[in-house]
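Have a look at the structure below before the remarks.
Just so it is clear, none of the values below were taken in a lab; they were calculated from the coordinates. All figures in this text were calculated on a predicted structure; none of them were measured in a lab. For neighbour counting, all protein chains shown are included, and Cβ atoms are generated from backbone atoms with ideal geometry for every residue, glycine included.
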Amino acid sequence: MADERSGERAHGGWIAAGTPEFRRVTWSLFAASFSVFTLLYFVQPIMPLFASDFGIGPATSSLVLSASTETLAFALLVSGPVSDRFGRKPMIVVSLMISALLTVATALAPSFGWLVAARVLVGISLSGVQAVGMAYLAEEMRPDAFGRAFGLFIGGNVVGGMAGRLGMSLAVDYVDWRIATVGVGLVGLVASFCFLKLLPPSRNFRRQTGGMRLAGAFADHLKNPVLLMLFCEGFLLMGGFVNVFNYLTFRLVAPPFSLSQTVAGLVFVVYLTGTLSSALSGRLTDRYGPARVFWPTLVVTAVGLALTLPASLATLAPAIAIYTFGFFAAHATASGWVSRSARHDTALAASLYLFFYYQGSSIVGFSGGMAWSAFGWAGTAGLTGILLIVAFALAAKLRTRLA
């Protein structure tokens, strides 16, 4: 099948690490993943502004993100198979351009309801990037170059998430959030043109059609116990991560910290640690395999979370950096593991992983608002800690099964 990484394909058809083509692929997909997380998450640090401007509570304000990630999750189940028919690069280009234009249109929303509706459309349009990019790498990269390329792909998510959040936090101290939103959309357009210019055409893509074949592939992936556990890991990891960062800004602008929106937004600089950890985990996975790398990434994540509990900036800033480092290493390892483990239809397997991943973002991100409102940061950290305990249990089962 088109997405099968079998030994039947000659190494000459794959892209090797260190070649000019490898650099073109990694930079173009870095730009694409940068754009996705910029357009998706720039609203996160200004949720307190939405709560104030529209007279809503913290949980309701989180809908500007949850609505996007929820619709993105379901749309991923369609975008992967659509790219199996129409190709990887065309799907990503169209998705990036439409998402950027919709973000510009978001600035015109006259009410919170219209704002959420616009964000729903952004979520749908962004679905054509992440899973399709993962499938492109699985098809085109040599096995010994895949982990490195995939780590850089996730690194684009990290930098984009940081740029969107930090840039928005800084901008809204000087201009209205609507003007800043237009700027974010224009950045997305630039990234889409960079991608269009740089990415080489697919060599190993094979067009696939057939609804019955697709239904069988869905069932096959969901019956694969390794893939199913990895899908659940995506839900748990992302649910906890979004829960922490959704309500971190609320914590920082309230007593005892009482920081300004701009200063509170500086916390997103810690995303740079995720760039390092995702690239590092890719290299380690190429050398040792994902099963041996995944468990330590969860340990780092848990240590970072525990250190966020004291109400002190001296411990909170490094704690968030450690937590972010661990999360992105774990996510890069788990999502790359999915592409390695799928025996066929890699785009569909990647779509299913991201479906669970963004369901975690939507469900836990919204319900975490109730934990924050009821128990403050102890509720936020407690909920995320429960998710990490389950993630550890699944990781132990994965290691046992693959031993």
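Structure above, values below:
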| quantity | calculated |
| --- | --- |
| Inter-site label distance for W114 and I179 at 7 Å from Cα along Cβ, in nm | 2.0 nm |
| Least to most buried among H221, H331 (fewest other Cβ within 10 Å first) | H221, H331 |
| Candidates A334, A321, A117: whichever shows maximal mean-square fluctuation once the chain is modelled as a Gaussian network with Cα springs under 10 Å | A117 |
| Likely footprinting exposure, S258, S95, fewest C-beta neighbours within 10 Å first | S258, S95 |
| Residue exposure sequence - E139, E70, E233 - by fewest surrounding Cβ within 10 Å | E70, E139, E233 |
| Cα Rg over Rh - the range 9-129, Kirkwood | 1.10 |
| Cross-link reach list, lysines versus K89, counting only Cα pairs under 25 Å and skipping chain neighbours closer than eight places | K197 |
| Relative contact order (%) - criterion: Cα under 8 Å, at least six apart; region: the range 12-402 | 27 percent |
| Rounded, prolate or oblate (a/c below 1.5 giving rounded, otherwise prolate when a/b exceeds b/c) for the range 25-86 by Cα gyration tensor | oblate |
| Mean Kyte hydropathy of 1.0 or more with a Cα span along the axis of at least 30 Å, helices from DSSP in the chain | 63-86, 177-198, 225-253, 377-402 |
| Contour minus Cα-Cα distance for F74 and L276 (0.36 nm per residue) | 69.7 nm |
| Paired Rg and Dmax values of the chain, which use every Cα atom, in angstrom | 19.9, 62 |
| Cross-link reach list, lysines versus K223, counting only Cα pairs under 29 Å and skipping chain neighbours closer than eight places | K397 |
| Added length on full extension, which subtracts the Cα-Cα distance from 0.36 nm per residue, R203 to A17 | 65.3 nm |
| Helical mean residue ellipticity (222 nm; -39500 (n - 2.57) per DSSP H run of 4+; nearest 500) of the chain | -27000 deg cm²/dmol |
| Full-extension gain in nm, A306 to M370, via 0.36 nm per residue minus C-alpha separation | 21.0 nm |
| Rel. contact order, % - alpha carbon contacts under 8 angstrom, at least six apart, the range 1-126 | 29 percent |
